1. Between residues in region 92-113 that are in the same structural domain as Ala142 (by TED's automatic domain parsing) and residues that are among the acidic types (Asp, Glu), which pairs lie under 8 Å by C-beta distance while being six or more apart or on different chains?
2. Considering each residue of region 72-109, count those that are in a loop (DSSP other than H, G, I, E, B) and closer than 18 Å to Leu178 by Cα, and give that number.
3. Taking Ile77 and the conditions (1) in contact with a strand residue (DSSP E or B) (Cβ under 6 Å, 6 or more places away or on another chain); (2) closer than 30 Å to Asp217 by Cα, which numbered condition does it fall short on, given that it satisfies the others?
4. Tell me which residues, restricted to region 44-63, are part of a strand (DSSP E or B) and surrounded by 20 or more Cβ atoms within 10 Å (Cβ to Cβ).
5. Quick check on this structure: which one of Leu145, Leu176 is within 21 Å of Pro108 (Cα to Cα) and either assigned to a helix (DSSP H, G or I) or among the charged types (D, E, K, R) (or both)?
6. So for region 149-162 (the condition being in a helix (DSSP H, G or I) and in contact (Cβ under 8 Å) with a residue 12 or more places away in the chain), does at least one residue qualify?
7. Which residues, counting only those in region 229-243, are surrounded by fewer than 15 Cβ atoms within 10 Å (Cβ to Cβ) and of a type outside the set (A, V, I, L, M)?
Amino acid sequence: MATNNTPLSVRGLTKIYPAFELRDVSFDLMPGAITGFIGRNGAGKTTTLNSLLGFIRPNGGEVRFHGLDMKTGAEEIKQKIGFVSAGMTYYTGKKLKTITDVTRSFYPEWNNQAYQKYLAQFGLDERKTPASLSNGMKIKYALALALSHGADLMLLDEPTSGLDPASREELIEIFLSLRDAGKTVLFSTHITSDLDKCADRILFLQKGRLTADLPLDEFRKAYLLAEVRGGLPEAVKALSKGECRIRDGYTALFSAADAEKTGLPCRAATLDEIMVHLDKEDSAL
């Protein structure tokens, strides 16, 4: 049950487009935890985040931040939320200092000491412009801005998309340090290997429906994977949650309860394998 201590509570969120529907999405974020928000491109992750933040108007549902409704408490809420997206843009020719000065004017609780700390921690130079920053440094700058106005809930939309492995690893360490500091993080991504390293909980969105909301370990333990040379027997197909072709056969995903019934040697599945196989099953319906 959501309380005023619940950083984010969503009930029945719905957004309808002619070719896509986000339907009845409900979840609560646990304070001081990293929640991974997964699903293939087009599943509705960005639509969900945009609806939460009021960037688009949902057709239905209720969204509360620490018990406050965005419709009536938007100003107070926005002081406590940090939003970071790989697609964020700034005036490319303006110096970071100029952008920061404008941003600071919107936040009465701006902490310049914290801002200077994050500049040093992230290796940012205010004399540079966004055009001169790498994608990873742009994400760090957005984080520095969000954390300097007292945000305790970070909404991250594909923040590691397009980054090289070393830059992604560096950002994951930053996200973990935010969790250590008591911040709550909702981390939307299709790079599930990043979540294997940092997530406490998983929200899985498929075709606009939330199909799983579980601790990461429970989500992974719910499935096992088998590799089969040649074709899959029909009895095995009937039990599988999805199959994928490999060089000399197939991989098939099973619920932990059904895996023993197959008579096949099974192993633990990665988060990426689970998502891919479940999407295969969903596509076949």
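The values are calculated or read from the model by the stated rules, or taken from the named source; none is laboratory data. From a predicted model like this one, the values you see are computed outputs, not experimental measurements. In this analysis, Cβ positions are derived from the backbone assuming ideal geometry, glycine residues included, and neighbour counts consider all displayed protein chains.
1. Partner pairs satisfying both residue conditions: Lys95/Glu126; Leu96/Asp125; Leu96/Glu126; Lys97/Glu126; Thr100/Glu126.
2. 1
3. Unmet for Ile77, out of (1) in contact with a strand residue (DSSP E or B) (Cβ under 6 Å, 6 or more places away or on another chain); (2) closer than 30 Å to Asp217 by Cα: (2).
4. Val63, the sole residue that qualifies.
5. Going through Leu145, Leu176 in turn, just one is within 21 Å of Pro108 (Cα to Cα) and either assigned to a helix (DSSP H, G or I) or among the charged types (D, E, K, R) (or both): Leu145.
6. No.
7. Within region 229-243, Arg229, Gly230, Gly231, Pro233, Glu234, Lys237 meet the criteria.
Let's see how each residue does on (1) at pLDDT 90 or above; (2) outside the structural domain of Thr48 (by TED's automatic domain parsing); (3) surrounded by 14 or more Cβ atoms within 10 Å (Cβ to Cβ):
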site	(1), (2), (3)
Arg168	no, no, yes
Glu173	yes, no, no
Gly182	yes, no, no
Val185	yes, no, yes
Glu227	yes, yes, yes
Arg247	yes, yes, no
Leu264	yes, yes, yes
Glu273	yes, yes, yes
